[in-house]
Amino acid sequence: MSAHLQASKVTFAYRASGEPILREVDTDIVAGELLCILGPNGCGKTTLLKLLLGELEPADGEILLDGKPLNTIPLRDRAKQIAYVPQGAPAGLARSVFDVVLTGRLPYTGLFGLMSSADIDLATAALEQVGLAELSWRNFDTLSGGEAQRVMIARALAQQPDILLLDEPTASLDIRHQYQIFDLLRTLCETQTLAVAAVAHDIQLAARFAHRACLM
């Protein structure tokens with residue numbers, strides 16, 4: 001089932017008495033579209049993603065998931081609908097690529113839950129989607145930057161989300177890998193009707209692949 005995530009008149013400041021970093025922001029993320037969030041450093045792009053995830057609470061306005069206030073939806077239920085790929089792949093993951101992707105199933109199994117054959121199949125399918133099935137048993141720490149970023153996207157896809165949020169998914173990648181990542185995101189939107197929002201700095205990249213842009 002497709003989902004709709006919406007920010008309506010959202011204002012946010014990190015201190016109650018401080019100047020808002022976001023003021024009356026409106027945006028929405030809809031099925032089948034890639035939304036690029038663009039703007040200069042420090043304008044609040046990552047903050048907006050954290051609000052859309054429910055990690056932060058707006059001082060004013062509201063975040064709605066399918067018309068319901070996001071903060072009223074249990075965390076595990078949110079994790080089954082919204083997946084997040086942070087900026088940069090984590091370092092020090094001395095484990096296989098497959099094991100990293102399999103952690104995307106935790107919203108369904110719990111921290112100490114046993115993985116079923118269905119969970120393993122979904123992780124395998126996610127790696128195939130990003131074109132890295134042949135690297136399943138490689139150590140994650142031996143991957144290139146572009147490969148590691150695709151693994152983190154596969155981990156998010158293993159959650160079976162309706163909405164995918166990414167914070168600068170092409171940071172520190174060369175132009176070839178930047179195009180590969182955004183081509184993959186656009187394909188996911190169009191073949192699986194995912195709703196995708198990605199923070200980006202490159203306007204030309206956004207113009208090439210995004211369906212819409214949010215300018216901040």
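General remarks:
- Long-range neighbours under 9 Å by Cβ, at least six apart or interchain, first residue more than 11 Å from LEU34 (Cα to Cα) and aromatic (Phe, Trp, Tyr) within region 171-196, second open to solvent by less than 20 Å² (accessible area, probe 1.4 Å) and assigned to a helix (DSSP H, G or I): TYR179/LEU205; TYR179/PHE209
- Scanning region 108-134 for residues that are in a helix (DSSP H, G or I) and open to solvent by less than 20 Å² (accessible area, probe 1.4 Å) returns ASP119, ALA123, ALA126, LEU127.
- Among the residues of region 1-46, those that are β-branched (Val, Ile, Thr) and under 14 Å from ALA200 (Cα atoms) comprise ILE37, THR46.
- Selected residue (only one of ARG138, ARG186 is open to solvent by 10 Å² or more (accessible area, probe 1.4 Å) and under 17 Å from ILE29 (Cα atoms)): ARG186
- Residue in region 203-210 that is aromatic (Phe, Trp, Tyr) and touching a residue at least 40 places away in the same chain (Cβ under 8 Å) present: yes
- Among the residues of region 141-161, the ones that are open to solvent by less than 20 Å² (accessible area, probe 1.4 Å) and assigned to a loop (DSSP other than H, G, I, E, B) come to 3 in all.
- If you go through region 34-61 and keep only what is in contact with a Ser or Thr (Cβ under 9 Å, 6 or more places away or on another chain) and buried (at least 16 other Cβ atoms within 10 Å of the Cβ), you end up with LEU35, ILE37, LEU48, LEU52, LEU56, PRO58, GLY61.
The values are calculated or read from the model by the stated rules, or taken from the named source; none is laboratory data. On a predicted model such as this, the values are computed, not experimentally measured, just so you know. Note that we place each Cβ from the backbone using ideal geometry, even for glycine, and neighbour counts take in every protein chain shown. Only protein heavy atoms, including side chains, enter the accessible area calculation; ligands, DNA and RNA are left aside. Shrake-Rupley method; radii C 1.70, N 1.55, O 1.52, S 1.80 Å.
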